[in-house]
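What follows is a set of notes on a single structure, which appears directly below.
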DNA sequence: GTGGGTGCAAAGGGTTTGCAGCAAG
DNA sequence: CTTGCTGCAAACCCTTTGCACCCAC
């Protein structure tokens, strides 16, 4: 990502502002989707008096213009935002520590074709979330189980 | 589904009430997930003075006890509720008419195993939504396209 | 200078909660 | 009789909106 924020905004036909600049910086610096609140918190370190509604307005503009993506995951009832890196991907969510990880492999191309034929639908897209325990949390669970066995 | 609502409540360890009875009736009678509001509307036909908060409270109880399922789909920012019929399934959503259809086939067992091995995660569940146009809406879109061709 | 972006506060939509009264066992 | 469910209204959280002001071009 060597393009300047100004160029990026111009490319997506969005006017420049300091606030937009800062939000692009924040989105660039994270590898995972963020809530508006998290972005807002980071903003306030950079811009005095930045308002949460501005964050929402900017994020919505970015999503409309295709610069950012908005995701609603089942576990949180807040929207998550991230830079649109034009990758098809899915999310792997840890039920223990709530960590969200990207998965880039996708097993669904063939399945979409099948649904298309079976159901007569014209398939446009899909969304897949996978829930489980990350290696660290899996380990902790193992430890608890072993403790319980030792005490019984 | 030949079990009475009373038996069903007892089985899930939930006390009987007229309101709970009515909501089970409603959930039984629909084949697709419903919003609290839709359930509420149906309730009011059956119970005088039924309150929306009661609907939410009952639905949350049902979900906690395993009698019902709650789904948050990307398109609506409302929760959807349905009877827990103990089927593994996914949803196919029409981008034209917002119709939601169940799919019972699932292509992900093998994929989950793969993720488990590659990422070291212990996979518990997944959620898949497929977006597209139903046969009727696809047809309408075709018509519009043909109209445009005819006029050009 | 002008159009559009911003801060602030207030409103919006879905959902939850506190409390007094009521119903089920 | 007692427990806990209900109705109502108010609160809650996330998100959007109205308006006056200000900034980028």
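The values are calculated or read from the model by the stated rules, or taken from the named source; none is laboratory data. Nothing here was measured: the structure is a model prediction, and the numbers come from that model. Don't worry about glycine lacking a Cβ; one is built from the backbone with ideal geometry, like all the others, and counts go over all protein chains shown.
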Test residue A:68 against the stated conditions and say whether it is within 16 Å of DNA strand D (Cβ to nearest atom) and within 12 Å of another protein chain (Cβ to nearest Cβ). no
Scanning region A:2-38 for residues that are in contact with a strand residue (DSSP E or B) (Cβ under 9 Å, 6 or more places away or on another chain), more than 11 Å from DNA strand D (Cβ to nearest atom) and away from every other protein chain (no Cβ under 14 Å), which turns out nearest to residue A:79 (Cα to Cα)? A:32
Considering each of A:55, A:63 in turn, give the residue that is in a helix (DSSP H, G or I), in contact with a strand residue (DSSP E or B) (Cβ under 8 Å, 6 or more places away or on another chain) and at pLDDT 95 or above. A:63
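How many residues does region A:97-121 hold that are part of a helix (DSSP H, G or I) and either under 21 Å from residue B:111 (Cα atoms) or more than 10 Å from chain B (Cβ to nearest Cβ) (or both)? Full working, then the answer.
Narrowing region A:97-121 to residues part of a helix (DSSP H, G or I): A:109-119.
Applying the additional criterion that residues be either under 21 Å from residue B:111 (Cα atoms) or more than 10 Å from chain B (Cβ to nearest Cβ) (or both) yields A:109-117.
Going through region A:97-121 one residue at a time, the tally reaches 9.
Restricting attention to region B:1-16, which residues are within 15 Å of DNA strand C (Cβ to nearest atom) and either in contact with a helix residue (DSSP H, G or I) (Cβ under 8 Å, 6 or more places away or on another chain) or not in a loop (DSSP other than H, G, I, E, B) (or both)? Steps first, please.
The first filter runs over region B:1-16 and keeps only residues within 15 Å of DNA strand C (Cβ to nearest atom), leaving B:4-16.
Across region B:1-16, the qualifying residues are B:5, B:6, B:7, B:8, B:9, B:10, B:11, B:12, B:13, B:14, B:15, B:16.
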For region A:39-62, what are the residues that are out of contact with any helix residue (DSSP H, G or I) (no Cβ under 7 Å at 6 or more places or on another chain), more than 10 Å from DNA strand D (Cβ to nearest atom) and closer than 15 Å to residue A:27 by Cα? A:41, A:44, A:45, A:61, A:62
Could you say which residue among A:18, A:78 is more than 23 Å from residue A:98 (Cα to Cα) and not assigned by TED's automatic domain parsing to the domain that holds residue A:127? A:18
Inter-residue pairs, beta-carbon under 7 Å, first closer than 30 Å to residue A:96 by Cβ and more than 8 Å from chain A (Cβ to nearest Cβ) and in region B:122-149, second surrounded by fewer than 13 Cβ atoms within 10 Å (Cβ to Cβ) and at pLDDT 95 or above, 6+ apart: none
Whichever residue in region A:66-84 is at pLDDT 95 or above and in a loop (DSSP other than H, G, I, E, B) and, among such residues, is nearest to the chain's Cα centre (by Cα): A:84
